[in-house]
Amino acid sequence: MQSNRSGSPASRGLLAAMHPTGQAGLTARFFALLNDRRFLPLMLLTPVLVFFIIWNTIPLLWLLGLSFQKYSLTSGDDPAFTGFANYLEILGNSSVWQDLSRTFVWVFLSVVLQTGLGVALGFLFWGSHKLPGRRIALTLLFAPMVLTPVATGTFFRLIYDPTFGILNQVIRAIGLPSVDFLGQSSTAFWAVLAVDTWMWTPFLMLMTLAALGSVPKAELEAAEVDQLPWHQRLRLIILHHGKFILMLGVLLRTIDSFKTMDLVLQMTKGGPGSTTNLVALTLYRQSFESFNLGWSSALAVILLLISIAFTSIFIFVLNLKRRGDAA
Amino acid sequence: MTSKLDFMTSSSGLSRRHVLKGAAAAASVAGFGGLSRLALADSPLKGESLHLSILGIAGWVPSSLGVKMSPIFAEYAKQKYGYDVDFSFADAPFSALFQKAATSLATRSQEYNIIISDSQWLGAFAKPKWVVKIDDLLKEQPGLTPEWYSPVISATYQTYPDGSQQLWGLPQEGDVVALYVRKDMLEDPAEKEAFKKKYNKDLPQTFDDFAELTMAEFEKVAEFFTRPDKNLYGTAMQYSREYDFISCFLYPFMWSRGGEIWDPKTAQVHGILNSKVNAEALEQMKHWLKYMPDGALNYGIAEEIDVFTQGKVFSCFQWAAVGPAMIPDALKGKVMVVPPPKHGNGSDAKRVYTFGGQSWVINAFNDENNMQATIDFMRWWYQPDVQLEYAKRGGNPCDKATLSRSDFDDMQPWFRTYKYMLAEGRSRDFWHHPKYAEMLSVQQEAFTSFMTGQTSDPMKVLDYVACKQQSILFEAGTAKEKAPDTCASISL
């Protein structure tokens, strides 16, 4: 065990030869620490932990502290401790509840649509290995995902424009009246949702392809030999192996969709009226337009708790399934 | 054309003795540590090399003119004060500029030495003391600024709190709402004849015709030129939820009909904004949508420029400041800029439109050298020759000397209207309160919800805005009364 902690005799001899002075002892002790199983994990974790504490833990605690204070950057007043006043104000604010309910509808619709389309496209590409141009098609399909939401929002705002937009040119060309997609409360939400779906369906397609890639070929071949019906192949083999990756994709999209702000800000500013005003946009406005830092910190904490709840539910369901499978 | 030499040799109007006397006093002003170098000499920066940064509005001609003209100041400073100075320009759109400035100033940074502030932001800059209180500075250096063309200029671009004598900014660009009309269409004999036949009236032809025009009379003109089959519409206004766009174009409907938005003395909103006359104003503004292209509900400044310059609208209610963009070379000679119509009928008809425009504000955290150079820059900026050059390049000056020149009205196509609308009573600004952004956000949402049909009752919209704004002002400690209990359950 001794040799494990302080390196092999050969290496110790080499170090001593290289550093004949006291520094050799220091270096040797460093390498000895590296080789020590008690310290190695801690040393490997330290840089990550330092970053985590600086960039995550401290800001989070700061946010939590601010959420209990009345603090407006433009008031010129010092922050004042108000206990749960901000939380109570938010919970009693009908506008926030409206924004939250709109956001839940947004999350549900976007995740369902994107998962449905993404899975369908994933299956299509999974079975098309010999299709000419497959790689180009895949690259093009993934392109929306890598564009910034601000750029995408700008493109689509122009595409949807009733006067200049290409979509309305097409609509008019087939003899229909032009539609003010982003200016009408009946269409704006759906128009923005369509863009979000266009952007993020490739992500679910990617996750589907990864999930399908994790299915053992041998089991599929066995199913082929046994002439298992397709729905049984899907349930017993494909979903059995691929569901965790797929669920991870759904979980990531759910959390991400809950935070949607930039696309809406660029396309409609939350309007017309409040038709597309998602809760993340309210948070942005209160933080960076109104500079109500106490109030917006409290809202951020509430949204964080909701995100954690989402994640916990997903993980619980996954673990439940896993335990069920194991049993 | 005034040469660069003129700027360099023209006097600031202050004698050396005067400057020294004022500067010595300025050094003693509490909170103006950065100004204390004034006490040393009138050119304490001699031999120094400085860099000044201006934060202005992206894509806004008047903001960029301040920077484009800065090399002239650099030469002036070199010759008059003996120091080198260069400038950089940072910008952000209207909706994001305050955010950019505030986050920098909150850290006591001098990243931006001079900021071009929309007039409504004065309170938010002033309350945390992020910017220099100009009246202290002016007391010590009375020659720093010229006499303004109208008293409303100081109230609009300098004063916070409203109605007080405290000044926090200096006018950078004056701005008013103007009506841009297609002169070539108005003068077309076929159009004139067709209009006469349809309405038994003549199409307005001149500035004076439009100065007398009411909205009811102008509606006939807008209706006449609304021809969807030819992709031509009568007019355009701003209905967008972005920043203050719809508010600035709704207020004229309210003010001109006698409506008010608050009582600046008591900060009372509830019971003043939610009035019958203001509800009618909302309905009237919505009524005008039928003379505008599809998509007008999303129109802001840029969209209006697009539809007007592409010939899709006959007329456009638009800021005078964007004259250079509204009248490109292809439209020169074809556009007339006139006063926007009056509201009401007969002798009761009134015209009260919204003030636009921006102020210079000076970063209070500037170090001594930058503060001195900034004051030198401001003193240079308000010299008559510089203001004249600014006007010739398309900016809207506010000083009496330039606006009173006999050739001013013809210098730019919109100048006559600009001057006309500057007269007291024809244009007004709204709150300069630190809670401006929050109050604005509430009403932008509410007003657009009515225009787009999300909410159908205009009184409900105004009740909602009044409740929210009263609460905001009460919590900020400005309003004496809190929102009534009926506000607890109000929503759009």
Mind counting the residues in segment A:92-126 that are touching a residue at least 40 places away in the same chain (Cβ under 8 Å), surrounded by fewer than 17 Cβ atoms within 10 Å (Cβ to Cβ) and within 14 Å of another protein chain (Cβ to nearest Cβ)?
-> 1
Helices (runs of 4 or more DSSP H) (entirely within segment B:60-167) containing at least 1 residues that are over 20 Å from B:Ala391 (Cα atoms) = B:70-80, B:94-105, B:122-126, B:134-140, B:151-157
Mind checking which residues of segment B:475-491 are over 27 Å from the mean Cα position of the chain (by Cα) and either away from every other protein chain (no Cβ under 12 Å) or part of a helix (DSSP H, G or I) (or both)?
-> B:Glu475, B:Lys480, B:Glu481, B:Lys482, B:Ala483, B:Pro484, B:Asp485, B:Thr486, B:Cys487, B:Ala488, B:Ser489
Name the single residue, out of those in segment B:110-150 being touching a residue at least 60 places away in the same chain (Cβ under 8 Å) and out of contact with any helix residue (DSSP H, G or I) (no Cβ under 9 Å at 6 or more places or on another chain), that is surrounded by the fewest Cβ atoms within 10 Å (Cβ to Cβ).
-> B:Lys129
Kindly establish whether A:Val264 is under 22 Å from B:Thr448 (Cα atoms) and either away from chain B (no Cβ under 14 Å) or in a helix (DSSP H, G or I) (or both).
-> yes
Restricted to segment B:106-130 and to residues being more than 12 Å from chain A (Cβ to nearest Cβ) and aliphatic (A, V, I, L, M), the residue nearest to B:Ser70 (Cα to Cα) is B:Ile114
Going by the conditions given, is B:Phe355 under 30 Å from B:Lys133 (Cα atoms) and part of a loop (DSSP other than H, G, I, E, B)?
-> no
When the residues of segment B:376-400 are filtered to those that are touching a helix residue (DSSP H, G or I) at 6+ places or on another chain (Cβ under 7 Å) and closer than 30 Å to B:Thr107 by Cα, which remaining residue is surrounded by the fewest Cβ atoms within 10 Å (Cβ to Cβ)?
-> B:Met378
Quick check: anything in segment A:73-82 touching a helix residue (DSSP H, G or I) at 6+ places or on another chain (Cβ under 8 Å) and at pLDDT 95 or above?
-> yes
So B:Lys435, is it closer than 22 Å to B:Gly357 by Cβ, within 12 Å of chain A (Cβ to nearest Cβ) and either touching a residue at least 24 places away in the same chain (Cβ under 8 Å) or crowded, with 24+ Cβ neighbours inside 10 Å (or both) = yes
For the subset of segment B:80-105 comprising residues that are within 14 Å of another protein chain (Cβ to nearest Cβ) and within 28 Å of B:Glu48 (Cα to Cα), which member is surrounded by the fewest Cβ atoms within 10 Å (Cβ to Cβ)?
-> B:Ser104
Kindly indicate whether A:Thr74 is surrounded by 17 or more Cβ atoms within 10 Å (Cβ to Cβ) and within 14 Å of chain B (Cβ to nearest Cβ).
-> yes
In segment B:287-312, the residues that are touching a residue at least 60 places away in the same chain (Cβ under 8 Å) and within 24 Å of the chain's Cα centre (by Cα) = B:Trp288, B:Ala296, B:Leu297, B:Tyr299, B:Gly300, B:Ile301, B:Ala302, B:Glu303, B:Glu304, B:Val307, B:Phe308
Within segment A:289-305, how many residues are farther than 24 Å from B:Trp121 by Cβ and facing chain B (nearest Cβ under 10 Å)?
-> 0
Being in the same structural domain as A:Val317 (by TED's automatic domain parsing), over 19 Å from the mean Cα position of the chain (by Cα) and at pLDDT 95 or above narrows A:Phe189, A:Phe203 down to just A:Phe189
Looking only at residues in segment B:446-474 that are of a type in the set (Ser, Thr, Tyr) and assigned to a helix (DSSP H, G or I), which one is nearest to the other protein chains (Cβ to nearest Cβ)?
-> B:Ser449
Can you tell me which of B:Tyr251, B:Tyr291, B:Tyr243 is at pLDDT below 95 and either surrounded by 21 or more Cβ atoms within 10 Å (Cβ to Cβ) or away from chain A (no Cβ under 14 Å) (or both)?
-> B:Tyr243
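The values are calculated or read from the model by the stated rules, or taken from the named source; none is laboratory data. These numbers come from a predicted model, not from an experiment. Glycine gets a Cβ as well: all are built from the backbone with ideal geometry, and neighbour counts include every protein chain shown.
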